[in-house]
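Taking it in order: structure first as structure tokens, then the write-up.
Rule-based calculations on the coordinates, nothing more; no lab input. Predicted model only: the values in this text are computed from it and were never measured. Here the Cβ positions follow ideal geometry from the backbone for every residue, glycine too, while neighbour counts run over all protein chains shown.
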Amino acid sequence: MTSDNKFKIATKWVYVVGRVLLFSLCCVVILICCSSVARNAAVKYTDHLSILSATIVTFVLILLFLKWEKRKLIDVGVVPGKYSISRFVCGYIIGFMMAASQALIVLFYGHFQLKPVPDISIIDILSPLLLYFFIACREELAFRSYSLRTLNISLGPIIALSTITIIFIIEHVAAGMTLKMAIIGSGAGAILFGVSALKTKGLALSLGLHSAWNFGQWSFGFKNKPGIWQAIVENGYESEIENVGLTAFSFVMGVAIAGLFFYYRNTRMTEYLR
């Protein structure tokens with residue numbers, strides 16, 4: 001390889017990664033600004049308003065970056081396709097089953113109980129259901145549309161998934177998640193959602209998986225607060241149950257990722273510019 005070719009490759013890497021990092025930084029700024037505006041608005045559903053507004057503005061940001069590069073929404077998987085509804089539904093069912101499987105594994109281990117939350121209303125369930133859907137929409141747009149697909153087209157799926165996974169982890173750490181939980185939890189999630197987006201060339205499946213997983217974890221009390229059930233750990237076993245939960249999480253995520261690769265074994269993740 002000549003020095004001129006090496007320079008062109010290095011320049012391409014810097015340019016592509018630079019654009020994606022700029023896009024990711026803009027997404028963070030949008031989220032911070034929307035959260036600040038929503039808090040100052042003093043409305044009842046502040047979290048819903050902030051995430052929904054961040055999702056809308058993030059979509060506008062994608063339009064701007066695509067116009068800059070003279071590309072179309074279909075190139076980043078945002079436009080719904082023939083199988084979008086069925087993929088979302090299947091993803092939602094699988095995502096909730098994954099959360100339930102994690103909870104069942106921990107239950108079978110012992111020193112852990114799930115007690116139904118008394119007097120829970122439909123609104124108490126619908127509110128987090130909608131919130132976690134909004135959160136998944138915002139994160140899928142921010143991480144699995146323009147960013148992931150741009151890196152994949154230019155640098156390949158391995159580098160694309162690795163880069164977006166790192167950015168995904170960093171954002172969750174910045175939001176207050178511990179490094180351990182971010183690497184294991186957000187890292188595995190980023191790989192699962194990223195593979196599903198690249199294999200299907202769209203966001204429907206990853207959106208279903210993502211929103212259902214978060215809602216499922218809330219339902220079983222795995223979000224550090226009661227959901228439909230309250231997670232109760234026997235005194236003195238908190239650290240042990242946390243490790244069991246992480247092990248169960250890793251197992252469930254690993255099975256889901258392997259299942260994706262098997263089901264879509266004839267579909268390549270590598271893409272090229274249209």
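Below is a table of values for the structure above.
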{"item": "Listed values (1) 55; (2) 32; (3) 39, entry calculated as percent of Cα pairs over 30 Å apart", "result": "(2)"}
{"item": "Relative contact order of the chain, defined on C-alpha pairs under 8 angstrom at six or more residues apart (%)", "result": "28"}
{"item": "Computed over segment 19-169: relative contact order in percent, which uses C-alpha pairs under 8 Å that are six or more apart", "result": "33"}
{"item": "The chain: angle of helix 204-219 to the longest principal axis, Cα-based, in degrees nearest 10", "result": "30"}
{"item": "Inter-site label distance for Leu22 and Phe262 at 7 Å from Cα along Cβ, in nm", "result": "4.4"}
{"item": "Size of electric dipole in segment 3-263: Cβ of Lys, Arg +1 and of Asp, Glu -1, about Cα centre, debye, nearest 20", "result": "1180"}
{"item": "Among Trp68, Gln113, Tyr92 - extreme Cα towards positive end, dipole of the chain, charges at beta-carbon", "result": "Trp68"}
